1. Can you pull out the residues in segment 117-154 that are assigned to a helix (DSSP H, G or I) and among the hydrophobic types (A, V, I, L, M, F, W, C)?
2. So, in segment 277-300, how many residues would count as being of a type outside the set (D, E, K, R) and surrounded by fewer than 19 Cβ atoms within 10 Å (Cβ to Cβ)?
3. Out of segment 193-234, which residues are under 17 Å from Thr171 (Cβ atoms), part of a helix (DSSP H, G or I) and aliphatic (A, V, I, L, M)?
4. Identify all residues within segment 153-192 that are modelled with pLDDT under 90 and of a type in the set (A, V, I, L, M); write none if there are none.
5. When you check Pro211 against the structure, is it within 26 Å of Ser189 (Cβ to Cβ) and in contact with a helix residue (DSSP H, G or I) (Cβ under 7 Å, 6 or more places away or on another chain), yes or no?
6. Give me the pairs: first residue in segment 109-135 and farther than 18 Å from Gln21 by Cβ, second residue of a type in the set (Asp, Glu), beta-carbon distance under 7 Å, and six or more apart or on different chains, which are they?
7. Would you check if Lys227 is of a type in the set (Lys, Arg), assigned by TED's automatic domain parsing to the domain that holds Thr106 and in contact (Cβ under 8 Å) with a residue 24 or more places away in the chain?
8. If you take the residues of segment 300-316 that are modelled with pLDDT of 95 or more and among the hydrophobic types (A, V, I, L, M, F, W, C), which of them is nearest to Gln355 (Cα to Cα)?
Amino acid sequence: MTKKIWITIAFCLFCVSLQAQLSNQSKVSLLTCGPGSEFYESFGHSAIRIQDDSLNIDYVFNYGVFSFNEPHFYLKFAQGRLPYMLAADYTEPFLQSYAYEGRSVTMQVLNMTPDEKNKLYALLEENYKPENRYYAYDFFRDNCATRIRDILQSSFSDSLFSHRQSANALTYRNLYYIYTTDQLWWRLSIDLLLGMRTDKKLNEWEYMYIPFDMEKQADTCILGHQKGGLVQQTDHLLRQTSTIPPTAVSPNIIFSILFLIALFITFFERRAHFYAKPFDILLYLALALLSTLILYLWLISDHYATKYNLNILWINPLAWILLFRLKRTSPAVIYAVMLCVLIALAGAVPGLLPQQFNTAAFPIMLTVLVRLWALRKAQKDKQ
């Protein structure tokens, strides 16, 4: 009981201190955390640190918190409706958790006037209210980094970060590729589910959905009125000790082998006059299930980036017909799927389609095409 009382008192003191006015000696810092072992931690993390020794304040505000205990967690995640929230905590336990995980933490002390600091603190206080702290997370447009970008911009009277688009501007996909070079299977999985919006050319403001890119832009940001740069000093609070093991076998190799197996089976079928039914059942079952997931994410979920997914050309819902009818499938269905796969294969030429496909998808497309050709040939042989 005594422990609960002290926890309650500490929480009340914490909430009271959130309403204080910061002194002129206070510091506001952008914290950027290194990658973790989980895929969703590959892109780092951002938080804001508020320090004021005169008020005994040293807090971290963190927009990247969610709960696995959320009712219907996986359903809400699939629907794009999983609530994230702003959390506030003392800096020491925050750093301890990252030290335990072996993740780096870099602190950039920001060049802000007392009025700007207090405006930011007031906005954080308002965001931290129970009725305001939850938000609908979006990986590209509304996450732990973009929330901080936006609230920092709201604290300055002048424009802070650039909206300029360079001639060689990157896309959402280009950017997350940079941070997933050792996680090729995860990259393939994500690429299959994301649509055309992922290949939108970004301006510098939009780059900052990645915490590391926001850290870079903060370093180069120049404030107006002769105030100098946004970052006054940079301190490395923790160094990175954890590493992400590279992919043991590339999906490109695995699916290239699958394509060679499909070629061998097809050749052997023609010579021995039989039909490799189990191979096609597994192939069309995988395509049918995945096409259902793609359609769900496109048509039903609230995910911004899963709309208009051209992977549906080769991960085609007509696979359900192929699966259940096989040799009895209408030639029109077979030719329709073949045409869709051929269009998707055109994506191997950069810029020819408005969506970029994962390179590991092309040997799968060729496998599907070969098996569709074999199926049609088997039908003709029976006629």
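1. Passing the criteria: Leu120, Ala122, Leu123, Leu124, Cys144, Ala145, Ile148, Ile151, Leu152.
2. Residues meeting the conditions: 15.
3. Leu193, Met196
4. Leu160, Ala167
5. Numbers: within 26 Å of Ser189 (Cβ to Cβ): yes; in contact with a helix residue (DSSP H, G or I) (Cβ under 7 Å, 6 or more places away or on another chain): yes.
Answer is yes for this residue.
6. Matching pairs, first to second residue: Asn132/Glu126; Tyr135/Asp142.
7. The answer is yes for Lys227.
8. Looking at the filtered set, the residue picked out is Leu310.
The values are calculated or read from the model by the stated rules, or taken from the named source; none is laboratory data. Here the structure is a predicted model, which means the values were calculated and not measured. With ideal geometry, Cβ positions are generated from the backbone for all residues, glycine too; neighbour counts draw on all protein chains shown.
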